[in-house]
1. Provide the three semi-axes, in whole Å and in decreasing order, of the ellipsoid equivalent to segment B:284-493 as defined by the square roots of 5 times the Cα gyration tensor eigenvalues.
2. Order these by the 10 Å Cβ neighbour count, fewest first: A:5, C:24, C:108, B:314.
3. Highest mean first, how do B:496-508, B:473-485 rank when packing is the count of other Cβ atoms within 10 Å averaged over residues?
4. Is it possible to state the helix-based mean residue ellipticity at 222 nm for chain A, with each DSSP H run of 4+ residues giving -39500 (n - 2.57), the sum divided by total residues, to the nearest 500 deg cm²/dmol? What is it?
5. Once you have a ≥ b ≥ c as the square roots of the Cα gyration tensor eigenvalues for segment A:86-144, tell me rounded if a/c is under 1.5, and otherwise prolate or oblate according to whether a/b is larger than b/c.
6. Once you place label points 7 Å from the Cα toward the Cβ at residue A:100 and residue B:394, how far apart are they in nm?
7. Would you compute, for the Cα atoms of segment C:1-55, the largest minus smallest coordinate along each principal axis and list the three values in descending order, in whole Å?
8. Going highest first, how would you order B:364-377, B:84-97, B:193-206, B:112-125 by mean Cβ packing within 10 Å?
């Protein structure tokens, strides 16, 4: 069952901002408080907002549990593969191997107060991104399935 | 080069392989079910291979230490940290390697068996992924050298286990069992975390070796010890915290039950690790030893007496699992009770511990086998009620043979593996306290009686009309059961070789607290 | 006494949570009790890491003085994440039970006995 037009319009308006804010938290995970899990949870709240505003059938017609599952799996695989690659470089599992390879994500951190540089911290931003898309997929899937469980009663 | 990298990173690969396998499984499963099954079996085989290599490495060169996120695996203490290991460290000694080997062997049997037994259920992608995650949880618990890491793997173990218990909804009854298991496991996990917080507050470290080297056994440590023991004994299914076992074991799919047995034994390993390595000689080992012995005797006796009147074959086996856990607690408890006395330790303490530890792997094999045969019977007849079953010996010959092997092994009849470990327990416990040994033997006889009854009511008698078209189960299930039976017989025929190769180093590793600390902290 | 207050509150929360789990009949309320236990453990962890007058543990041009301990904070975050997964799983179980049995009363959800 769709909610009223006001709720739907407000949800439409807010949804992109929630996404942007969530991804901001994910991408700045190595600079500011927050990180993959927190940002992913924020993004998932955006999806939950859509689930609440629109009917179950409308949502599953557009997003679908399958694609959310895929998002989740991609996040998990990205995480574990990033950790595994370290072994190839002769260091141990979960070592920050990107710190020594190439210019990507490898700037030295400036000393003292500074606005922050995204291009630092080796593979930590990659890990944050992986966790972020994993959490957004997983939490949305949980809510979607719980919604499908209550579908008949509503 | 490649080979060297692999050998260097075995402890990490032991977890990374099944974890990656679990995460990729749903992706492959969406493309094709057959490919996913192949992938899951290949991942399990690879895990077993890593476990075998790791065990070989541990047995040849002592405790393997692996530091996550460091430049080299053995850089446990960073140069600028002031002598404290700040990273997560895996410390795999002979005991851990032994448990990892047992877990991956049963895991492989279960995986093969699942190929056929899971075909009828929906959601197989999730099933295989969770199965692999459960294996990850078990392997992580037995390999880690870090208390908090232990907690995390305990939770992975509980969550994956609970989801699998509930996976066959069964009009909600399986979900009820899963809910019970999940609530108790979570509460246990939180108690463990509470204890870890108490330890961290005092010693400022999470590494087991560091805490052990600083252990003072203050009142707070005693509270932490009680919490750890209660939570882990509950997860291991020891009386009086055993009430979840029959529910969870009987309602889970049989393949999962076989693995849940190993999962509870990982918690049993946690008990031993906490008592021997974390606290060691600082605690009042005679008192704690006797507490563990009493828990063990109670588990043995209550388990078997509850098992005899059961009508549901898997519930019956679940109570026997509680009873067999008692033997392990008894054996290791006797070893703990005489820990400070080198002479008594040499006379019978070590043998009792070896018996208890040997019983862990034996139990995992024959109990896993028995649950798989129960699953095979359920697969063909659709019932687990002993009063309705009968005459299956005519049509399910292989299952009957495997059941006989498992039943004789659990009752401690030679030449099966249960006899070997029980004999070690009887002999050594008799020297410690004859009464305990007699109780253990009586329980064994009751176990035999119970399984004779089960065997009679399932397989004997005339062919029943309602099971006229029952056939033998599909080949993958037979292969899974055959793998475990082969191990049961092998371990029973060559017990001395197994004990010399695996068990003696494992018992030695548990006793040798100083060696464990030194291998992590380096020469301390 | 004042500095012990967080520990006392943490222990109280745990005891309250366990009591809730024991005396409440509704499965959802039992899970809420479990969440209380988790909150108590989290509070204990964070208060162990607290240092009076401590600053955030960021080393770049940090002023002199004590810092609060970051390890326990990381542990708390991990436990919160695990707690979310557990709670979601438990609530899904309760939902299935409610649909199958038509009740979430722990006294009536008892098909497993013996």
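Bear in mind that the values in this text are calculations on the coordinates, not laboratory data. All figures in this text were calculated on a predicted structure; none of them were measured in a lab. Positions of Cβ are generated from backbone atoms using ideal geometry, with glycine treated the same way; all protein chains shown enter the neighbour counts.
1. Gyration-tensor ellipsoid for segment B:284-493: 35, 16, 12 Å.
2. A:5, C:108, C:24, B:314
3. The packing order, highest mean first, is B:473-485, B:496-508.
4. Rounded to the nearest 500, it is -22000 deg cm²/dmol.
5. Note, shape of segment A:86-144 comes out oblate.
6. 7.2 nm
7. 44, 21, 9 Å, listed from the longest principal axis down.
8. Per-residue Cβ counts within 10 Å, averaged per peptide and sorted highest first, yield B:364-377, B:84-97, B:193-206, B:112-125.
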